[in-house]
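Following: one structure in structure tokens, then a few remarks.
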Amino acid sequence: MNAGLPELTPGMLVAGAVTAAAASLWLLLPRGTESRLARWLGLVLGAAAISGFIVTGRRLGGLGEEAVFLTVSLVAVVSGAATIVTRSPVYSAIWFALALSGVAGVLLVLGAQFLGVATIVVYAGAILVMFLFVLMLAQPSGLASYDRVSNEPLLSAVAGAVLLGLLSLSIGRMSADPTCCAVPAKAAAVSDAGAAATAVAADPLAADQVARLGGELFGRHLLAVEVAGVLLLVALIGAIAVVARGEAALEDDRRFFEGGVRR
Amino acid sequence: MTPLVAATSTALLQNALVVGAMLFALGLVGILTRRNLIVMFLSAELMLQGISVSLVAWSRHHGDFGGHVLVIFVLTVAACEAAVALVFVLQAFARTGRLDVAAWQALREATLARSVDHALPASDAEPQRWPRLSTAGVLPPGAEEPSLEREHV
């Protein structure tokens, strides 16, 4: 190392990466002006930020594992960024679908088979299609003015970058602190067969994962499932009740939005 | 299925947590700064995705199903949220003709000033050219070519 230059620590790398990420987001977010230079500069800075995070990330042990994890997380993060910077909301929704497939890949790498598939089916298959329906119903032709400007893009990008920097620094410190995320050695400590069976039943990576997840959900968390069912029913009834208020309420609301006065 | 990485790998936990933090921060920036209501809700869903990744990473690290079960409830609540939120978005569109979050400033406090948009320069985005299918068969009598084309989506 050169004596005149301070050594490049992971903390400095993270700081540089989040600074580049904030600048990139600010350049890419809609600000009313459209310049080719800002777009390219934003893309280059975004690539630099992502490379910084890849360099500071920890190695997983094997080239195949790293390649798979890197691919799916890159898909998730890059399409997530494209979701928030794209002008057109329809393209936003499509980028979000791609981000969802990346997230599903990350969940599969983490061993959550059911959740990876459920993310695709429930989010991309149901919720996102609902968003697209609403967009096609409500989107005026052409780019609206509110799609071409943002509220305080610089401040928001800085806020997001500061949050990301603090989170990744504290996540990076976890490996230095042996007490922070130690796993209780339950599988090693058990000796009798019943306790060993309990350990297998709780392990997400053993065989029959989906069946045991269902057992856990409908056994230990049965009350929460019932409450979630009630919540779905309430949301359904609430949505219908808001729609079915009638024409008089619509007229009243129109007057309110125009003049800012409630009758 | 054999796991791709060893079960108690702290490196996998840390990397997945950073990915979750990135998704959360991106969603935060989106919901703070974008003005289209639909894009704001997409950003909120992006934040939920970041949370899901973190929860499953911890679940994997600790070797139990707690995180998985929480993510299932996150999915449920997200579905409810989307249903109710889209109803409000559609109702607001029916009243104002805009998907702009600033249309809701009629709800502000009486002492706050109304925010005014600055004039925007003209967009230099080129109109999109959509592929067209050749007409098959005969148009029924009385029907004209419908012009449902949009310049942009």
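Per the Debye formula with a single identical scatterer at each Cα and no solvent contribution, what log10 I(q)/I(0) holds for the stretch B:10-103 at q = 0.18, 0.19, 0.24 Å⁻¹?
Log10 of I(q)/I(0), two decimals: -0.82, -0.88, -1.13.
Gap in Å between the Cα centre of the stretch A:39-83 and the Cα centre of the stretch B:90-107?
So the separation of the two Cα centres works out to 37 Å.
Dividing the alpha-carbon radius of gyration of the stretch A:1-117 by 2.2 N^0.38 Å (N being the number of residues), what value is obtained?
It is 1.25.
Calculated FRET efficiency, B:Gln105 and A:Ala248, Cβ-Cβ r, R0 35 Å, to nearest 0.05?
The computed FRET efficiency comes out at 0.90.
For the pairing of chain A with chain B, what total accessible surface becomes buried, with a 1.4 angstrom probe, in square angstrom to the nearest 100?
Approximately 9300 Å² gets buried when A meets B.
Dividing the Cα convex hull volume of the stretch B:5-45 by residue count, how many Å³ per residue is that?
56
Let's test the formula: R0 of 60 Å, r as the Cβ-Cβ distance of A:Val129 and A:Asp177. What FRET efficiency results, to the nearest 0.05?
Computed FRET efficiency for A:Val129 and A:Asp177: 0.85.
Accessible area per residue, 1.4 Å probe, Å², for the stretch A:7-182: what's the number?
With the other protein chains kept in place, the stretch A:7-182 gives 45 Å² per residue.
Ratio of the stretch A:88-160's C-alpha Rg to 2.2 N^0.38 Å, to two decimals?
That ratio works out to 1.39.
May I ask for log10 I(q)/I(0) of the stretch A:22-70 at q = 0.13, 0.16, 0.18 Å⁻¹, from a Debye sum over the Cα atoms as equal point scatterers with solvent left out?
-0.44, -0.56, -0.63
Could you check how much of the accessible area of the stretch B:10-103 is carbon and sulfur, as a whole percent, using a 1.4 Å probe?
79
The values are calculated or read from the model by the stated rules, or taken from the named source; none is laboratory data. Everything numeric in this text was worked out from a predicted model, so none of it was measured. No Cβ is skipped: glycine too gets one built from the backbone with ideal geometry, and neighbour counts run over all protein chains shown. Accessible surface areas use protein heavy atoms only, side chains included; no ligands, DNA or RNA. Shrake-Rupley method; radii C 1.70, N 1.55, O 1.52, S 1.80 Å.
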